[in-house]
Amino acid sequence: MRRILFPLVLIGAALLLRKAAMGTDPLYQPLLGAVPYVTLGLAGALCVYFHRAREFTAALALLVVYYLVQVELQASLAEARSLFIYTAISVCLPVTWLLLMFLPERGLRNRYGVITVSILPLQVLLLGALYRYLPGNTLTGVLNTWFPVHPFAPYWLSVYASLGFVLVALADLFMVRRHNSEFHAALLALLVTAFITLARFDLPRISMVMLGVAGVILIISLLRGSYEMAYRDELTGLLGRRALNEHLKGLGGRYVIAMVDVDHFKKFNDTWGHDAGDEVLKMVAKQIAAVQGGGTAYRYGGEEFSIVFPGKDIEDCMPFLEIVRSSVENYRMLLRNQKQRPATREVARERRGRRTGDRNGKRVSVTISIGVAAPDNRRNSVDEVLKAADKALYRAKQKGRNCLAE
């Protein structure tokens, strides 16, 4: 949930700066009005560079919204055309966000990317046909019946449209909690900016500050996502070897390095298969990531992990490492019987909700061995301490595994 904290802080800061923007010299007002075009345009360019279809679609959608607000919605919402455009935006944005939330990311410059981006033009065509071929009185009557704006002062968004925003936001919040995804966190923040823009539509410059900060949020999200792709292990979610090397360069003269290895992992893989092995690595990574005492966990490679404790002594860290070792030993994993796996997705769908018991699966457990080292008179460099931790890990294996060794 920490992923959504920073975007929310940016949104709050933008709201506070709105009044300051109002006091800007009139000569510079047009420049401020161009801010969303710049930030969302840069975000779209980064999406093209990083090959991201869903973020590109979100940036394009908000660009279209800002253009419509500036060009079409400067008139009263009592007018049929303005009312239709405002209502179309308030309904289509949550629908678009819901689709983006569940569509898989398969790149931008391919047919999957074209399908994702086509969400927008298809909606525009549908709405254009609706506006053109339905009689004006009929359309206005329907909008005023189902989506009456300004239900109470100073709130402008209709009740049903508001409900759509809330439901999509809750679904997105669930996705953030479930997947710890930078994309879903950014999508939620962008939805909040659009909601505030539409709900407080009467505030001067509200679309400029909200959609301007939306572009900033999307840019930061793309950069953070690219960082994670480079520094975070895809399977376990832990920081990877590159991030470990960067961390080791900045350590002072007092620290502890622990090397962790899954016991008999090759035998486990040969017995249960690589898919089960991957599940073991993810489980062990989750237990290691929960280490206390100021330690940071990394995937070193294969079935090996590292934990770094800056500013600590070995005596300080041993209790926390023992907790990690014990938590892995006591964790019971359920391995499903491969013969009973559904042959097709259709069969899997039919079985959902009808599972009983463990389906003849087997509960298994694994253990880890841990080697610990810190700098002393014999070893001063990080490389030497790392080698010492590796040797200590070897001693833990020789002692019978499932233990710690210095």
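Values quoted throughout were computed directly from the atomic coordinates according to the rules given, and no laboratory measurement underlies them. Source: prediction; values computed, not measured. Virtual Cβ from ideal backbone geometry, glycine too; neighbours counted across all protein chains shown.
Data for the structure
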quantity	calculated
Likely footprinting exposure, Thr96, Thr296, fewest C-beta neighbours within 10 Å first	Thr296, Thr96
Region 103-231 - percent relative contact order, Cα under 8 Å, separation 6 or more	16
Sorted peptide list for 37-43, 400-406, criterion being average Cβ within 10 angstrom, highest first	37-43, 400-406
Relative contact order, percent, region 2-231 [alpha-carbon distance under 8 Å, six or more residues apart]	34
The chain: DSSP helices with Cα axial extent of at least 18 Å and average Kyte-Doolittle hydropathy no lower than 0.0	5-22, 35-50, 53-71, 80-102, 119-133, 159-179, 182-199, 206-231, 314-330
Residue order, fewest to most surrounding Cβ atoms within 10 angstrom, among Val124, Val213	Val124, Val213
Per-residue Cβ neighbour rank within 10 angstrom, fewest leading, Trp272, Trp97	Trp272, Trp97
Radius of gyration and Dmax over the Cα atoms of the chain, both given in Å	27.2, 88
Leu335 long-range amide H proximity, modeled H, under 5 Å	Lys362, Arg363, Val364
DSSP beta bridges in the chain [antiparallel fraction, %, rounded to 5]	90
Sequence-distant residues sharing a close amide H with Tyr300 (under 5 Å, placed H)	Phe305, Ser306
Extension gain (nm, one decimal) between Arg106 and Phe6, 0.36 nm per residue minus Cα-Cα	33.3 nm
Gain upon complete extension [Leu235, Leu17; 0.36 nm per residue less C-alpha separation]	74.4 nm
Directionally averaged projected area (convex hull, Cα atoms, region 17-111), nm²	8.0
Pairwise label distance in nanometres, Arg178 with Asn330, each label 7 Å out on the Cα-Cβ vector	3.0
Distance between region 244-302 and region 4-68 - C-alpha centres, whole angstrom	40
